[in-house]
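Coordinate-derived values only; no laboratory data. Model, not experiment: these values are computed from the prediction. Using ideal geometry, Cβ is built from the backbone for each residue, glycine included, and neighbour counts are taken over all protein chains shown.
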Amino acid sequence: MILLGRPYLGVSNISDDNRIFCQNWQLVYVNNDHCPGKLKLYIGCGIMTEENNINKAHEIRISPEDEKYYTACAQYIMERNEEHFFAVTRMTVDNYNLLFSILEDKLERFSNRRPIGSETRLAVTVIFLANDCNVQVLALVYNIGISTVRKVISETCDDIWNGLHPVFMLPPNKREFKIIAKEFYANTSLPNCLGVLGAKDIRIASSHNSKTTISVILLIICDANYVFTHVHVCALSNDIEGGILAQSEFGQKILDDSLDIPCNEKLPGSRTIFPYYFVADRTFPLRENVMRPFPGNNLTQGKEIFNSMLSNAQEIIENAFGILSNRWKILHTKANISPEMAEKYILATVALHNFLMIKNDNNYFTSELVDHRIGDRKILGKWREEHSFLPTYTSTSTFRSSSEAFSLREELKEYFLNNLN
């Protein structure tokens, strides 16, 4: 593991023309084609604002061929500047160490040649996902080939997903769904709500034609605490019956009423027995267990109240997407990648998001990052100021809803109208 924090790597006795800066995490590296002979490497851990600050770097004279080099460099930075460490990895040192301990066995590789170490594999990948850092930068800094860096990132994204999602993204059972519903009711006054459905259209440059883009759809269900309970990633295809929801396993279960959710219960303060449901926007079909807003303008008071109540829940998933896209810059990449690689990157960031949210990483999530209230005043989250927007996926499907679904929406509308002060 090497160069965690906001380090810069330099080589003595070369001109400034040969130093190249990585915009996202203030890294200096050198073009080795212009570096004759074996030159001394050093790492600086201070904040670098001008090129001439590089001369103030603290030197560490360790051979880059020695595996201990990586660990020594990382340890040096971890111990001296956690703020810089977070800026590059999006997590505290403690959570990074915990992450490595969870994934260590999966990260290990065996080869007749000397394999890339587990610590290096994780560091390269986390830095890449957090900063959308140029692969060539990482290759030069870590002294490994560009194709090797790409392979390491691909494999490690799989390791992150496979290692984290069975623990931090297990689908809720009935008991856990009831806990989620209680939290939604406490936060939004929505009764019987099991989560919010949302879909984002992540556009990537085609690996075959840089002038065209490919849409990769991220479909997610979010709980009341910005934690994702279900996720599905797929390339955009022709709309089918049920829309994007029908293309995922959990979505198909929602549509055919086979998802293991709690039985119908009374709405608070009334005798009305009502099913548990997910909140969704107009991208999704209205179902007995999916409530979406009333369409149109000039709505009645009851319909306006209903839509406003659902909007409170939809704000939660919008902020959850905001946290995700703000912390993991790879979701805004302009690089040419395949849909398969995009899926790997997205799933890895979703798994890391849940890991850090559940582990209460106070640097990863702050109340100022999301929309919040101070008294009666609503304050927009900082993620909005930084333009960390992912386009919302909009379906062109025409959904067929049952008369039962329409009746249930009317029931819930009347409940809000009669029971809210």
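When the Karplus curve 6.51 cos²θ - 1.76 cosθ + 1.60 is applied with θ = phi - 60°, which whole-Hz ³J(HN,Hα) does each residue of the stretch 146-160 get, with x for Gly and Pro?
The phi angles translate into 4, 5, 5, 4, 4, 5, 4, 5, 4, 5, 6, 4, 4, 5, 4 Hz.
Check each of the GluC sites (Glu not before Pro) in the stretch 327-368 and keep only those in coil by DSSP with at most 12 other C-beta atoms within 10 angstrom; list them in order.
Sparse-neighbourhood loop GluC sites (Glu not before Pro): none present.
Based on the Cα coordinates of the stretch 169-419, what is the per residue volume of their convex hull in Å³?
Hull volume over Cα atoms, normalised by residue count, gives 143 Å³.
Going by amide H atoms built from the backbone, whose H comes under 5 Å of the H on residue 370, apart from near neighbours?
382
Find the Cα radius of gyration of the stretch 265-348, compare it with 2.2 N^0.38 Å by division, and give the number to two decimals.
1.53
Could you please state, rounded to a whole Å, how far the C-alpha centre of the stretch 98-130 is from the C-alpha centre of the stretch 291-356?
The stretch 98-130 and the stretch 291-356 have Cα centres separated by 30 Å.
Of 266/344; 200/378; 303/378; 178/359, which ones are farther than 32 Å apart at the Cα?
Flagged as over cut-off: 266/344.
Per-residue HN-Hα couplings for the stretch 368-376, Karplus 6.51 cos²θ - 1.76 cosθ + 1.60 at θ = phi - 60°, whole Hz, x for Gly and Pro?
Per-residue couplings from phi come out as 6, 5, 10, 4, 8, 10, 10, x, 8 Hz.
Fully extended, how many nm does the chain gain between residue 315 and residue 174 (0.36 nm per residue separation, minus their Cα-Cα distance)?
So the extension gain works out to 48.3 nm.
If contacts are Cα pairs under 8 angstrom and at least 6 residues apart, what is the relative contact order of the stretch 153-311 in percent?
RCO, the stretch 153-311: 19 percent.
Once you treat every alpha carbon in the stretch 152-235 as an equal point and sum by Debye, what is log10 I(q)/I(0) at q = 0.21 Å⁻¹?
Scattering profile of the stretch 152-235, log10 relative to I(0): -1.03.
So how do 392, 120, 156 line up by other beta-carbon neighbours within 10 Å, fewest first?
Listing 392, 120, 156 from fewest to most nearby Cβ atoms yields 392, 120, 156.
Tell me which residues come under 5 Å, amide H to amide H, from residue 265 once H is placed; ignore anything under 5 positions away on its chain.
274, 276
Ranking 325, 401, 407, 118 by Cβ neighbours within 10 Å, fewest first, what do you get?
Exposure proxy ranking, most exposed first: 407, 401, 118, 325.
For the stretch 331-421, state the semi-axes of the equivalent ellipsoid (square roots of 5 times the eigenvalues of the alpha-carbon gyration tensor), sorted largest first and rounded to whole angstrom.
Here the semi-axes work out to 33, 26, 14 Å.
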